[in-house]
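One structure is given here, and the rest of the page talks about it.
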Amino acid sequence: MKKMGRMVLVVFIVLGMVSFVGVKKACADKVDDLIRQLLYSSSIWVRESAARALGEIGDARAVYALIGALRDGFWGVREAAVGALVKIGERAVDALIKALGDEDWHVRYEAAKALGKIGDARAVDALIKALGDEDWHVRYWAAKALGEIGDARAVDALIKALGDEDRNIRRVAAEALVKIGDARAVDALIKALGDEDWYVRREAAKALGKIGDARAVDGLIKALGDEDNEVRKAAAWALVKIGEPAVDGLIKALGDEDNDVRYAAVEALGEIGDMRAVEPLIKALGDEDREVRGKAAEALVKIGEPAVDGLIKALGDEDSWVRYAAARALGEIGD
């Protein structure tokens with residue numbers, strides 16, 4: 001019991017005073033004791049605190065013990081071990097890669113999580129292999145880790161993961177492709193705009209916007225009519241990012257029967273600011289939907305000086321609302 005008390009005291013010192021160089025050096029001499037407490041203590045608190053202490057000390061001797069702690073029955077201990085391995089950093093990478101093949105799925109997914117946080121590209125091939133793991137937790141954290149590392153070698157495997165039967169895997173694969181932003185994924189991401197899960201559709205739109213490939217325009221314009229508002233916003237943002245190549249498709253979308261599509265198209269055209277949109281936007285001042293009309297006026301104000309001639313012409317329109325909106329837009333541009 002006295003030894004246990006001393007060990008707890010050491011843990012407190014490490015966690016509370018590790019910034020003091022002298023204390024940290026002294027605690028480094030306690031690594032073996034901390035490892036024993038991590039692996040054999042019956043107290044959850046002591047095991048968790050020992051893991052945190054080993055991370056603060058940062059001694060590579062603790063790596064295999066910390067990996068062993070990834071199979072601990074308590075989440076807090078496992079998370080503390082992951083945090084410690086991340087702090088040890090690149091010196092833990094080889095052992096963590098090996099742990100991706102462990103028979104215990106807890107170890108495999110926690111290892112993938114740690115590798116993602118460390119961000120070392122040496123882990124990419126092993127994480128790609130882990131995308132085929134039988135356990136969805138492992139596949140999830142492998143995909144997330146590949147996104148955090150951001151290595152283009154993972155693109156083909158992440159494209160395949162977009163077809164995973166588990167929506168959680170599809171979600172994180174789409175997130176990873178957003179971060180990597182590789183044009184090889186365009187066709188798969190366009191297809192993912194039709195995924196049954198709204199989150200996957202949103203992330204696919206975001207990825208397509210980051211990549212900026214004109215092939216995505218038609219699919220993104222269709223997504224402006226998505227039932228989910230988050231997807232619609234992401235699609236509009238993506239079209240703005242694509243820019244000039246999206247203008248013709250957005251102008252066409254001003255004639256869509258869906259108010260939401262027309263509204264989003266008007267907004268995107270205003271952000272892009274292409275002269276080709278001026279006449280169609282002036283026409284949209286007469287849209288049957290009040291919100292579309294208002295957004296068209298805002299879009300013309302954003303385009304600014306290039307829209308003035310068209311707005312002056314619109315002052316003679318037969319529709320009183322168009323005349324009013326044109327006059328107001330001209331006033332705001334003049335300000």
Per DSSP loop assignment and a cutoff of at most 12 other beta carbons within 10 Å, the chain keeps its longest run without exposed GluC sites (Glu not before Pro) at 1-102
Quick one: Karplus J couplings for segment 46-56, per residue in order, coefficients 6.51, -1.76, 1.60, θ = phi - 60°, nearest Hz, x for Gly and Pro? 5, 4, 5, 5, 5, 4, 4, 5, 5, x, 5
Compute the angle between helix 320-334 and the longest alpha-carbon principal axis of the chain, please, reported from 0 to 90 degrees and rounded to the nearest 10. 60 degrees
Treating only the Cβ atoms of Lys and Arg (+1) and Asp and Glu (-1) as charged, compute the dipole magnitude of segment 243-334 about its Cα centre; round to the nearest 20 debye. 300 debye
Compute the acute angle (0 to 90°) between the alpha-carbon long axis of helix 136-149 and the principal axis of greatest extent of the alpha-carbon atoms of the chain; round to the nearest 10°. 70 degrees
Option label - log10 I(q)/I(0) by the Debye sum over Cα atoms at q = 0.06, 0.15 Å⁻¹ computed here, alternatives (1) -0.36, -1.04; (2) -0.19, -1.32; (3) -0.23, -1.41: (1)
When the Karplus curve 6.51 cos²θ - 1.76 cosθ + 1.60 is applied with θ = phi - 60°, which whole-Hz ³J(HN,Hα) does each residue of segment 103-117 get, with x for Gly and Pro? 6, 8, 5, 4, 5, 5, 6, 5, 5, 4, 4, 5, 5, x, 6
Part-to-part distance (alpha-carbon centres) for segment 127-184 and segment 94-124, which is given in Å: 14 Å
Can you tell me, using C-alpha contacts under 8 Å and at least 6 residues apart, the relative contact order of the chain as a whole percent? 7 percent
Test of understanding: extend the Cα→C-beta vector of TRP75 to 7 Å, then name every residue of segment 126-142 with backbone N under 20 Å from that spot. 135-142
Furthest towards positive pole of dipole, GLY73, GLY181, TRP136, structure part the chain, Cβ charges: GLY73
With labels modelled as points extended 7 Å from the Cα through the Cβ direction, what inter-label distance (nm, one decimal) is found for LYS191 paired with GLU318? 5.0 nm
Within straight cross-link reach of LYS30, meaning Cα distance under 26 Å, which lysines are found once same-chain residues fewer than 8 apart are removed? LYS2, LYS3, LYS87
Degrees between helix 75-88 axis and first principal axis of the chain (Cα, 0 to 90, nearest 10): 90 degrees
Extension gain from MET275 to ARG215, taking 0.36 nm per residue of separation minus the Cα-Cα distance: 19.4 nm
Assigning unit charges at the beta carbon (Lys, Arg +1; Asp, Glu -1) and nothing else, what dipole magnitude in debye, to the nearest 20, does the chain show about its Cα centre? 2120 debye
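Every number in this text was worked out from the coordinates using simple rules, so none of it is lab data. From a predicted model like this one, the values you see are computed outputs, not experimental measurements. FYI the Cβ positions are ideal-geometry reconstructions off the backbone, even for glycines, and counts take in every protein chain you see.
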